[in-house]
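Peer 1: Sharing a structure below in structure tokens format, with a few things to ask.
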Amino acid sequence: MSEEPVLVEARPTYRVITLNRPARLNAVTIELHRALADALNKAEADKTCRSILITGAGRGFCAGQDLSDIDPPTAESPADLGLLIDRHYNPLIRRLRAFPMPIVCAVNGIAAGAGANIALACDIVIAARSASFLQAFAKIGLVPDSGGTFFLPRLIGEARARALCLTAEPISAETAADWGLIWKCVDDAELMQQAQALCERFGEAPTRSLAMIKRALDTSAHNTLDAQLDLERDLQREIGRGDDYLEGVTAFLEKRKPVYKGRP
Ligand code: T3D
């Protein structure tokens, strides 16, 4: 197993972050959490970075929490899994959702437990045809975490969400796409090329406006229509004062391709 739990490759306008514990299907350790948080922080600090691509090394995307990286519970000393979630998983999910640029997740193989829900927290999920999604938690006597109980019913409806969580049965990437759990399923050989093409496109996009779109969509999950209309107005007012809107409209009127600053 290579030393680094996360590999980071800087492309001109985006970063490829690869979960890199292939012998364990990229199961998440505390070390991996720290490396991932560090990679996200550095990407955000770099103004040339306008999107993120997350994928996994080897045949899996991520098998969730590394079950050998936690102290085994005993009758005298039961586990406090809440601590792990508070310190690492919840901050990661919040960070992905609030990240001020699009995050594309290329699911190259099985995404299980928290691994599945980390993928669902990304903005656009593309999966290889051979990949699958598994809410593994009930198999080991746990409840879905990392936002699973939030994302699943909203994406695929109550009936399917309940069955996936309660049976802990996997679904194929094709089914995930048919159900609307992910954006699309592509042939294995095309996965990275399609994910990279998306990130390249985001490299020319008005990044601040994309960040606000993320915010508006996240808020809509628990807003009334009235509150959402007000939020849309406020965001539009703010973004409408920026350079990218001016450039977008000017380019449209001049019948040319806009050149957005993205993250000034
Ligand atoms: O601390 C907490 O627990 C709270 C937080 C919870 C968040 C969670 O994510 S809980 C859910 C944890 N994940 C799981 O329960 C999934 C466990 N893994 C599996 O059920 C299976 O590995 C898969 C269905 C994902 C894939 O099966 P398969 O047959 O394709 O592969 P495999 O042979 O089981 O796994 C390959 C290797 O990866 C194997 O090691 P070995 O035998 O070759 O040395 C296996 O032990 C290892 N591995 C897979 N998942 C994990 C793991 N090692 C540690 N932790 C894992 N989660």
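The values are calculated or read from the model by the stated rules, or taken from the named source; none is laboratory data. Everything numeric here is computed off the predicted structure, so don't read it as measured data. Virtual Cβ from ideal backbone geometry, glycine too; neighbours counted across all protein chains shown. Side chains included, ligands, DNA and RNA excluded: accessible areas come from the protein's heavy atoms. Shrake-Rupley method; radii C 1.70, N 1.55, O 1.52, S 1.80 Å.
Peer 1: Quick check, is Arg24 within 12 Å of the ligand (Cβ to nearest atom), open to solvent by 10 Å² or more (accessible area, probe 1.4 Å), out of contact with any helix residue (DSSP H, G or I) (no Cβ under 8 Å at 6 or more places or on another chain) and touching a residue at least 24 places away in the same chain (Cβ under 8 Å)?
Peer 2: The answer is yes for Arg24.
Peer 1: Next question, about the same structure. Which ones in the stretch 224-264 are outside any helix (DSSP H, G or I) and surrounded by fewer than 15 Cβ atoms within 10 Å (Cβ to Cβ)?
Peer 2: If the condition is that a residue be outside any helix (DSSP H, G or I) and surrounded by fewer than 15 Cβ atoms within 10 Å (Cβ to Cβ), then Thr224, Arg241, Glu254, Lys255, Arg256, Lys257, Val259, Lys261, Pro264 are the ones that fit.
Peer 1: What are the residues in the stretch 151-172 that are under 20 Å from Leu96 (Cβ atoms) and in contact (Cβ under 8 Å) with a residue 24 or more places away in the chain, if any?
Peer 2: Phe151, Leu152, Arg154, Leu155, Ile156, listed by residue number.
Peer 1: Let me ask something else about it. Anything in the stretch 126-145 that is surrounded by fewer than 19 Cβ atoms within 10 Å (Cβ to Cβ) and either assigned to a helix (DSSP H, G or I) or more than 6 Å from the ligand (Cβ to nearest atom) (or both)? List them, or say none.
Peer 2: Within the stretch 126-145, Arg129, Ser130, Ala138, Lys139, Ile140, Gly141, Val143 qualify.
Peer 1: Check Ala119 against each of (1) open to solvent by less than 30 Å² (accessible area, probe 1.4 Å); (2) more than 16 Å from the ligand (Cβ to nearest atom) and name the one condition it does not meet.
Peer 2: (2)
Peer 1: Can you pull out every residue in the stretch 39-59 that is closer than 19 Å to Leu210 by Cα and under 16 Å from the mean Cα position of the chain (by Cα)?
Peer 2: Of everything in the stretch 39-59, those that are closer than 19 Å to Leu210 by Cα and under 16 Å from the mean Cα position of the chain (by Cα) turn out to be Leu40, Asn41, Ala43, Glu44, Arg50, Ser51, Ile52, Leu53, Ile54.
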